[in-house]
Amino acid sequence: MADYKHEFEDLILTVIREEASDLHLSVGRTPYVRVVGELVPLVKKEPVTQEDMLGYLSIIMEEDKKEAFLKNFEADFSYSYGGKARFRCNAYFQRGVINIAMRLIPEYIRSLEELNLPPILETFTMKKQGFFLVVGPIGQGKSTTLAAMIQMINSGRTEHILTIEDPVEYLYKPAKSIIDQREIRTDTESFHVALYSMFRQDVDVVLIGEMREPDTISAAVTAAETGHLVFSTLHTNDAAQTVDRIIDSFPAEQQNQISVQLAESLLGVFSQRLIPRISGGQIPAYELLINTSAVQNLIRERRTHEIPRVIETGAEFGMIDFNRCLAGLVHDGEVTPENAMLFSNNPKGLERFL
């Protein structure tokens with residue numbers, strides 16, 4: 001009989017040793033890890049069998065959750081390995097067999113400086129109310145950025161902080177603040193149910209792991225309007241697209257109302273990408289929209305196509321233009337011009353800064 005516990009432990013230790021961000025397990029395929037953004041096969045490992053996968057699931061999932069997964073065909077959950085590592089996991093079926101994708105969540109929450117992020121983000125952690133979004137494609141460090149900001153509040157202010165996540169990712173140790181962490185399906189039914197409950201829990205700051213549906217977005221905006229500091233994420237590419245995505249998620253008859261609410265409650269939108277670094281590893285490039293009175297008017301009037309121009313000319317307000325950020329990384333010798341062009345949303349615009 002195979003020793004699944006030993007085999008799985010060896011895979012986890014490989015992830016830690018290789019400083020990988022992800023582990024991918026699929027029936028009929030050698031395990032893969034993602035290192036500095038690149039998928040690497042563990043060629044010394046045997047292809048995974050369906051029996052292996054069921055054995056691994058028994059290690060990382062409680063029996064009732066495993067049974068629910070086998071019935072529902074997909075599951076989000078977290079897994080902790082002996083206090084050494086924590087993973088955000090998704091199990092799913094493809095072509096009738098089980099796959100598991102696991103994202104490593106570092107135990108240590110790094111600071112903005114350690115993450116090479118701009119100091120201006122600290123100003124948003126000092127606000128008493130409003131709505132701040134960190135956006136970008138999957139795997140670009142959004143959760144890590146938000147963790148650094150929440151940790152700043154935790155260590156610097158006396159607040160009641162609530163996180164609502166699916167699953168819980170970074171684990172916070174209360175410092176000056178009280179921190180409650182609620183996991184979907186374990187501690188609460190859904191994001192919007194937890195958000196509505198929050199209004200009766202004397203919460204000051206809330207982190208919403210992801211805004212997936214209008215009910216959650218509406219509750220988050222209402223929370224920001226009613227004296228709460230709200231942080232969340234969206235899988236969008238830039239600030240203008242983020243505003244459009246929020247408004248367009250509502251029926252046409254509600255879009256004017258949400259535009260007005262968003263214009264009033266939004267603090268800013270921070271968009272980031274992880275770019276391969278010349279010296280090895282990755283470094284973030286980013287854009288920052290700050291909700292000035294000019295931006296408020298654009299949001300109210302649905303003129304979001306003008307937001308990129310406002311960001312480009314808004315340095316005096318603390319705004320950061322993505323192309324200027326990329327050009328700065330090239331000039332500092334951090335990234336190659338080729339990679340800067342590859343990651344730019346507007347390569348022609350970037351050319352004039354290089």
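Every number in this text was worked out from the coordinates using simple rules, so none of it is lab data. In this text, all values refer to a predicted model and were calculated from it rather than measured experimentally. Every residue, glycine as well, gets a Cβ built from its backbone with ideal geometry; the counts of neighbours run over all protein chains shown.
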*Compute the label zone of Glu107 within region 9-50: residues whose backbone N is under 20 Å from the point 7 Å along Cα-to-Cβ.*
9-23
*Output the Cα-based Rg and Dmax of the chain in Å, rounding Rg to one decimal and Dmax to a whole number.*
21.3, 67
*Which loop trypsin sites (Lys or Arg not before Pro) in region 170-201, with loop taken from DSSP, have no more than 13 other Cβ atoms within 10 angstrom of their Cβ?*
Lys176, Arg200
_Cut-off 15 Å, label point 7 angstrom out along Cα-to-Cβ of Thr226: give me the residues of region 187-201 whose amide nitrogen falls inside._
192-201
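Please give the charge dipole size of region 92-168, origin at the Cα centre, charges +1 on K and R Cβ atoms and -1 on D and E Cβ atoms. Round to the nearest 20 debye. Write down the numbers at each step before the final one.
Details: 7 positive and 7 negative charges, 42 e Å.
Using only the charged Cβ atoms, the result is roughly 200 debye.
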*asked:* 5 Å is the cut-off here: which amide hydrogens, built 1.01 Å from N in the peptide plane, fall below it relative to Gln282, excluding neighbours closer than 5 in sequence?
replied: Arg277
*Using a Förster distance of 45 Å, how high is the FRET efficiency between Lys127 and Glu46, based on the Cβ-Cβ distance and rounded to 0.05?*
0.30
_Taking 8 Å as the Cα distance limit and 6 or more residues as the minimum spacing, I'd like the relative contact order of region 1-79 as a percentage._
22 percent
*Projected label distance in nm at Asp202 and Ile59, using a 7 Å step from Cα toward the beta-carbon*: 4.4 nm
*From the backbone phi of region 33-40, what are the Karplus-calculated ³J(HN,Hα) couplings (6.51 cos²θ - 1.76 cosθ + 1.60, θ = phi - 60°) in whole Hz, Gly and Pro given as x?*
10, 9, 10, 6, x, 10, 6, 10
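Quick check for me: using +1 on Lys/Arg Cβ and -1 on Asp/Glu Cβ, what's the dipole size of the chain about its Cα centre, in debye to the nearest 20? Numbers along the way, then the final one.
Details: 35 positive and 50 negative charges, 81 e Å.
Once rounded to the nearest 20, the dipole reads 380 debye.
When only DSSP loop residues count, what GluC sites (Glu not before Pro) in region 254-354 have their Cβ near at most 13 other Cβ atoms within 10 Å?
Numbers: sites: Glu264, Glu287, Glu301, Glu306, Glu312, Glu316, Glu334, Glu338, Glu351; in loops: Glu301, Glu334.
When the GluC sites (Glu not before Pro) of region 254-354 are filtered for loop state and at most 13 Cβ neighbours within 10 Å, Glu301 remain.
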*Please list, in chain and number order, the residues 5+ apart from Arg185 or on another chain whose amide H is under 5 Å from its amide H, with Hs placed from the backbone.*
Ser190
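Please give the charge dipole size of region 162-276, origin at the Cα centre, charges +1 on K and R Cβ atoms and -1 on D and E Cβ atoms. Round to the nearest 20 debye. Before the final figure, lay out each step's value.
Details: 8 positive and 18 negative charges, 68 e Å.
Dipole of region 162-276, to the nearest 20 debye: 320 debye.
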*In region 50-123, the GluC sites (Glu not before Pro) that fall in loop regions by DSSP, at most 16 other Cβ within 10 Å*: Glu62, Glu107, Glu113, Glu114
*Of Lys127/Lys173; Lys5/Lys66; Lys5/Lys71; Lys128/Lys176; Lys5/Lys84; Lys65/Lys176, which ones are farther than 27 Å apart at the Cα?*
Lys65/Lys176
